[in-house]
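Dropping the structure in here first, questions after.
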């Protein structure tokens, strides 16, 4: 895309830009018009023709999701599964590992709360062990420490690429090199990075990748995706099966699918699947590298402006940072500030303890405000955001 980004077009194709300042893209981005229109059109067709009939007629549009996701991640379509969320994708594949007593899972401090719950649950049920990989001085996963922790007992390495509650980017490719050298499967939670950063599963060295549609891909809610490397699929048996994931050979026998669809259910949000395919194509049309540059430029400016506000602490760590900007005030609670901003149609979110429990505990962080930017946001919106934030901080002391 060169050095320019057509922000005018991006905002023209984002009808929600007329409804205030949307700095909650790490929660759910505003859908662009082509994505929303495809969603509405499919639902209208279902309303008028019926669900099964629409599914049959729109088979090519449904299949486009797999092809689009494969282009996005540099894999093959049979390594992709459609899911209803990143959490469902992560849990489905994590629970397919047959952990035994004494097995180890290596994980960093950035793990999302939902992932951590699943890990703790499996530990209690199987006798496996979670081994925490320490952070480096930048707050990212310490790759040298990870290498030292690799032993024959390690069955899986888990990494959250970008934490939900912070702006750092973990060095996923470096982790992938460690995992590949050791022959250990590598599960990458790309919930916040998919659509924001270029993701090439070959370059990253990840065997499994989970992502959501609603965040930086700008797809609808209730959509997600799962990538599983072809050579690993046959080693993973989902803990729940259905007659889409497995073929019935008789009334007493079945055969698992050989592709990633063994992790799917037949019933799904078909309109969402079509719209997610459109969203991926739309993102690829802009160019993910250009999207990353635009977001990074905006976020860097916002951090610079926030750092100049007395009594405000920008909490983001990381040698490399992304479009998520987190901060807290020593004058007002985050929830109060967020509520005041929302009254002015400025949309942000709160970082609760459950977002990143390990790092929040380690750093003794309070609840924070998360302002997360996308390419359709502007420097003028940053000006208005900072101005309103300063006004709210000054009100009532």
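The values are calculated or read from the model by the stated rules, or taken from the named source; none is laboratory data. Just so we're clear, the structure is a prediction, and the values are computed from it rather than from any experiment. Neighbour counts run over all protein chains shown; Cβ positions are idealised from the backbone, glycine included.
Looking only at segment 205-226, count every residue that is assigned to a strand (DSSP E or B) and either closer than 18 Å to residue 286 by Cβ or more than 12 Å from the chain's Cα centre (by Cα) (or both) and tell me the total.
2
Counting only residues that are part of a loop (DSSP other than H, G, I, E, B) and within 23 Å of residue 327 (Cα to Cα), how many does segment 178-198 have?
Summing the residues that are part of a loop (DSSP other than H, G, I, E, B) and within 23 Å of residue 327 (Cα to Cα) in segment 178-198 gives 5.
Restricting attention to segment 219-230, does a residue exist that is within 25 Å of residue 180 (Cα to Cα), without any contact (Cβ under 8 Å) to a residue 24 or more places away in the chain and surrounded by fewer than 23 Cβ atoms within 10 Å (Cβ to Cβ)?
Checked against the condition, which is being within 25 Å of residue 180 (Cα to Cα), without any contact (Cβ under 8 Å) to a residue 24 or more places away in the chain and surrounded by fewer than 23 Cβ atoms within 10 Å (Cβ to Cβ), segment 219-230 yields no hits at all.
Moving on. Identify, please: which residue in segment 106-127 is surrounded by fewer than 22 Cβ atoms within 10 Å (Cβ to Cβ) and closer than 22 Å to residue 228 by Cβ and is, among those, farthest from the chain's Cα centre (by Cα)?
Out of the qualifying residues, it is 126.
Condition (residue is at pLDDT 95 or above, part of a helix (DSSP H, G or I) and under 17 Å from the mean Cα position of the chain (by Cα)) applied to segment 45-63: is it met by at least one residue? Give the derivation first.
Within segment 45-63, the subset at pLDDT 95 or above is 45-63.
Restricting the remaining residues to those that are part of a helix (DSSP H, G or I) gives 45-49, 51-57, 59-63.
After this cut, where a residue has to be under 17 Å from the mean Cα position of the chain (by Cα) as well, the list is none.
No, segment 45-63 contains no residue that is at pLDDT 95 or above, part of a helix (DSSP H, G or I) and under 17 Å from the mean Cα position of the chain (by Cα).
Against the definition (modelled with pLDDT of 95 or more, more than 22 Å from residue 112 (Cα to Cα) and touching a helix residue (DSSP H, G or I) at 6+ places or on another chain (Cβ under 9 Å)), how does residue 346 come out, yes or no?
For residue 346, the condition - modelled with pLDDT of 95 or more, more than 22 Å from residue 112 (Cα to Cα) and touching a helix residue (DSSP H, G or I) at 6+ places or on another chain (Cβ under 9 Å) - is met.
Please give the strands (runs of 3 or more DSSP E) falling wholly within segment 283-383 in which 3 or more residues are in contact with a strand residue (DSSP E or B) (Cβ under 6 Å, 6 or more places away or on another chain), buried (at least 19 other Cβ atoms within 10 Å of the Cβ) and on the phi < 0 side of the Ramachandran plot.
By residue number, 324-329, 368-372.
So if I check each of 89, 96, 77, 67, which one is at negative phi and buried (at least 20 other Cβ atoms within 10 Å of the Cβ)?
Criteria check complete, one pass: 89.
Residues that are out of contact with any strand residue (DSSP E or B) (no Cβ under 8 Å at 6 or more places or on another chain) and either within 20 Å of residue 79 (Cα to Cα) or crowded, with 16+ Cβ neighbours inside 10 Å (or both): does segment 247-258 have at least one?
Within segment 247-258 (the criterion being out of contact with any strand residue (DSSP E or B) (no Cβ under 8 Å at 6 or more places or on another chain) and either within 20 Å of residue 79 (Cα to Cα) or crowded, with 16+ Cβ neighbours inside 10 Å (or both)), the answer is yes, since at least one residue qualifies.
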